[in-house]
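Report on the following structure.
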Amino acid sequence: MDWTLAQLRAKVRELTGQRSTSQLSDADLTDKINDFYCNVFPDEIELPELKGFYSFSTVQGDGEYALPSTVLRIKKPITIDDGNGDAVARLGFWKDANAFFTEYPDDASASQNAPLDLLQYGSNLYLRPIPDGVYTVKAAAVQRPAALVEGTDTVINPKWGPAIAYGTAIQMFIDQKDSAGADELTGIYQVHLNSIGRKHLQQLSAFRSVPSF
């Protein structure tokens, strides 16, 4: 079955015991579901449906760029052209901001050149050296699911529904500092994650060519 926002709200209320809107409004519950669905769930398990690419053009003298809200994070490989759209080189990918800015002090007077490294820090990207011209940067990316708004809105893949409901409930218990409530649901949540992972493996196996003898 499809998992709608209304069904997710009902399941999360059942799991957390907050069945009444006087305990938790539908609007607040929707925010909690979307926070988990859009920001946390894509990092819990690799989801082929969310894989994609993101590219942007640099501006001379500008080393900072904001990721669009549709992109959760970028991944290797990350490439950059030579400024003419021809030759392509790989950029080093950094996740440690302290190490990155130790290597490249954040100094506006730093010399400009062809970028060699890229840092993702939150929703911002930093290129160093600061670009001396216009380049195109391209990276593998994890797309952010669109938020659910109407009660009839459905998650991208119905197989995700139970995991999203359990994950949201666990996050709510954690926010309430109810470790016992979170622990009680964690095992079942992991079962749902494993089920999603197995289905993806089965799909990949189906596309493998059959050897001929």
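Since every read-out is calculated from the coordinates, none of them should be taken as a lab result. As the structure is a computational prediction, the values presented were derived from the model and not from experiment. Note that we place each Cβ from the backbone using ideal geometry, even for glycine, and neighbour counts take in every protein chain shown.
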Exercise. Val155's amide H: which non-local residues (gap 5+, or another chain) put their own amide H closer than 5 Å, with H modeled 1.01 Å from N in plane and none for Pro or chain starts?
Worked result: Trp3
For this session: Specify the inter-centroid distance of segment 35-88 and segment 111-164, based on alpha-carbon positions, in whole Å.
Result: 4 Å
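If the limit is 32 Å between Cα atoms, which of Lys11/Lys51; Lys138/Lys177; Lys32/Lys76; Lys76/Lys177; Lys11/Lys138 go over it?
Going by Cα-Cα distance, Lys138/Lys177; Lys76/Lys177; Lys11/Lys138 fall outside the 32 Å limit.
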Exercise. Which loop trypsin sites (Lys or Arg not before Pro) in segment 62-151, with loop taken from DSSP, have no more than 14 other Cβ atoms within 10 angstrom of their Cβ?
Worked result: Lys95
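Largest first and in whole Å, what are the equivalent-ellipsoid semi-axes of segment 1-159 based on the Cα gyration tensor, each being the root of 5 times an eigenvalue?
40, 17, 12
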Exercise. Could you give the nm distance between label points at Asn39 and Ala114, where each point is 7 Å from its Cα heading toward the beta carbon?
Worked result: 3.9 nm
Problem set entry | Cut-off 14 Å between beta-carbons: net charge of the residues surrounding Tyr135, Lys and Arg +1, Asp and Glu -1 | -3
Exercise. Once amide H atoms are built 1.01 Å from N in the peptide plane, which residues 5 or more positions from Gly92, or in another chain, come under 5 Å H to H?
Worked result: Asp117, Leu118
Seminar exercise, completed: Quick calc: nm separation of the 7 Å Cα→Cβ label points for Ala146 and Ser55 -> 2.4 nm
Problem set entry | Karplus-derived 3J(HN,Hα), 6.51/-1.76/1.60, for each residue of segment 150-164, Hz, glycine and proline x | 8, x, 8, 5, 10, 6, 4, 10, x, 5, 7, x, x, 5, 5
Exercise. Between Ala6 and Ser123, 0.36 nm times their residue separation minus their Cα-Cα distance comes to what?
Worked result: 39.1 nm
Seminar exercise, completed: With x for Gly and Pro, the residue-by-residue ³J(HN,Hα) of segment 18-35, computed from phi through the Karplus equation 6.51 cos²θ - 1.76 cosθ + 1.60 at θ = phi - 60° and given in whole Hz, is 8, 7, 9, 5, 6, 7, 8, 5, 4, 5, 5, 5, 4, 4, 5, 4, 5, 4
Seminar exercise, completed: Quick numbers on segment 69-171, Rg and Dmax over C-alpha atoms in Å, give 18.5, 53
Seminar exercise, completed: Residues whose built amide H sits under 5 Å from the amide H of Val71, excluding neighbours closer than 5 in sequence, are Arg144
Exercise. For the chain, what is the charge dipole size about the Cα centre, in debye to the nearest 20, if Lys and Arg each add +1 at the Cβ and Asp and Glu each add -1 at the Cβ?
Worked result: 880 debye
Problem set entry | Using alpha-carbon coordinates, inclination of helix 5-16 to the longest axis of the chain, degrees | 70 degrees
